[in-house]
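Visitor: The following block contains the structure, expressed as structure tokens.
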Amino acid sequence: MLGFTVLEAVNGREALEIYQKNVAEIALVFTDMGMPVMDGYELFHRLKSLNPELPIIVSSGYGDAEVSARIGSDNIAGIISKPYNHDKLREVLKMVVETRH
């Protein structure tokens, strides 16, 4: 609906594997912080170690301040707090895409 092709993962480990197999096609990552197997924090750090320039948008119900404190706000392309709606998602994605161009 927003013009993106989505590669969906059920947990952080699968997301990392999908990224590694499709690195050339992935323009940004949108991740939840509370996932099974590998949480969003570990996924974030692993992805950034592979590609420091990769824009990563994080979604959390923990609050923006906690997420920023654990990751470092300079590294986060965007944060979207739960619950969010279609308009908020579009706004964050647009901001990240426009910042990259």
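Throughout, read-outs are computed from the coordinates displayed, never taken from laboratory work. As the structure is a computational prediction, the values presented were derived from the model and not from experiment. Ideal geometry is used to build each Cβ from the backbone, glycine not excepted, and the neighbour counts take in all protein chains shown.
Visitor: Regarding region 53-74, can at least one residue be identified that is part of a loop (DSSP other than H, G, I, E, B), buried (at least 16 other Cβ atoms within 10 Å of the Cβ), of a type in the set (A, V, I, L, M, F, W, C) and touching a strand residue (DSSP E or B) at 6+ places or on another chain (Cβ under 8 Å)?
Guide: Yes - at least one qualifying residue is present in region 53-74.
Visitor: Moving on. If you take the residues in region 10-44 that are assigned to a helix (DSSP H, G or I) and of a type in the set (D, E), which one is surrounded by the fewest Cβ atoms within 10 Å (Cβ to Cβ)? Break it down stepwise before answering.
Guide: Applying the first criterion (assigned to a helix (DSSP H, G or I)) to region 10-44 yields 12-21, 23-25, 40-44.
Narrowing further to those that are of a type in the set (D, E): 14, 17, 25, 42.
Numbers: E14: 17, E17: 12, E25: 9, E42: 14.
Taking the candidates together, the pick is E25.
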